[in-house]
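Just below is one structure, and these are the notes that go with it.
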Amino acid sequence: MVRIITFASGKGGVGKTTLVANLGIALKQMNEKVLLIDADVSMANLSLILGMESSPITINDVLRGEANIEDVIYKGPGGVDVIPASLSLQNFQALDLSKIPQIVKKLTYNYNFIILDCAAGIGEDTLAAMAAATEVFIVINPYSLSIADALKTKIMAQKINAKPVGIIVNMVGHYRGEIKEEDIVKMMELPSYGMIPFDEVVRENFYYKQIVPIIIKNPNIPASLAIKNIAKRLLGKEVVIQTEKKGFFAWLKSIFGK
Ligand SMILES: Nc1ncnc2c1ncn2[C@@H]1O[C@H](COP(=O)(O)OP(=O)(O)OP(=O)(O)O)[C@@H](O)[C@H]1O
Ligand SMILES: [Mg+2]
C-alpha cells in the first residue's frame, strides 16, 4: 500500500526540503517507487535542491485549475518522480490549496511512497499537506524553541485528524547546549526515526550553480549515511516508542492544546 508522508516542522529552516529530496532518492535507490511533491507553494525550494528549477508547469497550475496533475510530474535526479511548485511570485495567486489532498489521492496507485515537502509553521498550505498524508513526520533541530514549535505543529496536526507518527532530529552537533534525542522523544511523545548530524558539506551544497543532491554527490558523508538509515527505518526497522510527560514541555502542550 502507498505511504503518503508529509515532513512538517514548527520553525523554518530546520532541513525539511533537504531531507525530502535526499530521502526520496535514498528510497528510490532501495527500489521503491517514489514521488516527491513540493507542497510549500509559497516558498518553493524542492526544485532548487533537486536542480530542477526550469520546470515549465507546476503544481501551482494544477491548484489554479489550469493543468492536470499527470502533466506536472517530472523525472528528477536518481530517478525519483517530482511535482515541483512554481518559483515565481506571480504564480502564487488564486491557488486552491484545499485541493492538495484530492490531488495526492489521484496518484496513489503508481507509487510506494509519496513524500510531501511543506512550509514551516501551521499555515493553510501546511495543514493541507498534513491532511493529505497517511503519516506526518516532524523535523526538529535540537534546541528548545525548535522543539516548542514542533510540539505546536504536532498538536495542530492532531486537531485536523492528521497523523503525526515520528520525528527526525536534524543538524545535531551544531547548537550549544543542545537537547538530547531521547529527551526530545519524551517531550514530543513521538518516536525518533533518526538523527542527522550538522554537516558543512550539506550547507555548502547551495554554493554551486548546478545543485546535485548530497545523497548522489556525497553518498558516504555522515549526513547522507544518516538519511539512508532513516530510509531503512521507514522500510520497517523497529522503532522504540518512549513517552513521558513532565516539566516545561508538558506545560507548553497544555497551553497549545487550548
Ligand atoms: N544536516 C544539515 N547540516 C548542515 N546544513 C543543513 C543540514 N540540513 C539542512 N541544512 C541546510 O539548512 C538550510 C535550510 O535547509 P532546508 O531548506 O532544507 O530547510 P527547510 O526546513 O526546508 O526550510 P523552510 O522552512 O524555509 O522550508 C539549507 O541551507 C540546508 O543546506
Ligand atoms: Mg523547505
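The values are calculated or read from the model by the stated rules, or taken from the named source; none is laboratory data. Note that the structure is a prediction, hence the values are computed from the model and not measured. Backbone-built Cβ (ideal geometry, glycine too); neighbour counts: all protein chains shown. Heads up: the accessible areas ignore ligands, DNA and RNA and are worked out on the full protein's heavy atoms, side chains in. Shrake-Rupley method; radii C 1.70, N 1.55, O 1.52, S 1.80 Å.
Just one of the listed residues (Ile215, Ile227, Ile211) is more than 10 Å from ligand 1 (Cβ to nearest atom), touching a Leu at 6+ places or on another chain (Cβ under 9 Å) and hydrophobic (A, V, I, L, M, F, W, C), and it is Ile215. All of Ser86, Ser54 fail the test of being assigned to a loop (DSSP other than H, G, I, E, B), in contact with a helix residue (DSSP H, G or I) (Cβ under 9 Å, 6 or more places away or on another chain), more than 16 Å from ligand 2 (Cβ to nearest atom) and over 22 Å from Tyr111 (Cα atoms), apart from Ser54. Taking the criterion of being within 12 Å of ligand 2 (Cβ to nearest atom) and in a loop (DSSP other than H, G, I, E, B), the residues of the range 4-49 that qualify are Lys11, Gly12, Gly13, Val14, Gly15, Ala39, Asp40, Val41, Ser42, Met43, Ala44, Asn45. The single condition from (1) of a type in the set (Phe, Trp, Tyr); (2) at pLDDT below 95; (3) away from ligand 2 (no atom under 15 Å from the Cβ) that Phe198 fails is (2). The residue that is surrounded by the most Cβ atoms within 10 Å (Cβ to Cβ), counting only those in the range 57-68 that are touching a residue at least 12 places away in the same chain (Cβ under 8 Å) and assigned to a loop (DSSP other than H, G, I, E, B), is Thr58. Within the range 116-149, restricting attention to residues that are assigned to a helix (DSSP H, G or I) and charged (D, E, K, R), which residue is surrounded by the fewest Cβ atoms within 10 Å (Cβ to Cβ)? Result: Glu124. The set of residues in the range 102-127 being within 15 Å of ligand 2 (Cβ to nearest atom), at pLDDT below 95 and charged (D, E, K, R) consists of Asp125 alone. Look at (1) away from ligand 1 (no atom under 16 Å from the Cβ); (2) over 17 Å from the mean Cα position of the chain (by Cα) and you find that Pro77 fails only one, number (1).
Do you know which of the residues in the range 114-137 that are free of Cβ contacts under 8 Å to residues at least 60 places away in the same chain and among the hydrophobic types (A, V, I, L, M, F, W, C) is nearest to ligand 1 (Cβ to nearest atom)? Looking at residues that are free of Cβ contacts under 8 Å to residues at least 60 places away in the same chain and among the hydrophobic types (A, V, I, L, M, F, W, C), I get Ile122. Taking the range 166-178 as the range and being in contact with a Phe, Trp or Tyr (Cβ under 7 Å, 6 or more places away or on another chain) and crowded, with 18+ Cβ neighbours inside 10 Å as the test, the residues that pass are Gly166, Ile167, Ile168, Met171, Val172, Glu178. Determine if the range 10-28 includes at least one residue that is open to solvent by 60 Å² or more (accessible area, probe 1.4 Å), away from ligand 1 (no atom under 16 Å from the Cβ) and in contact (Cβ under 8 Å) with a residue 24 or more places away in the chain. Yes.
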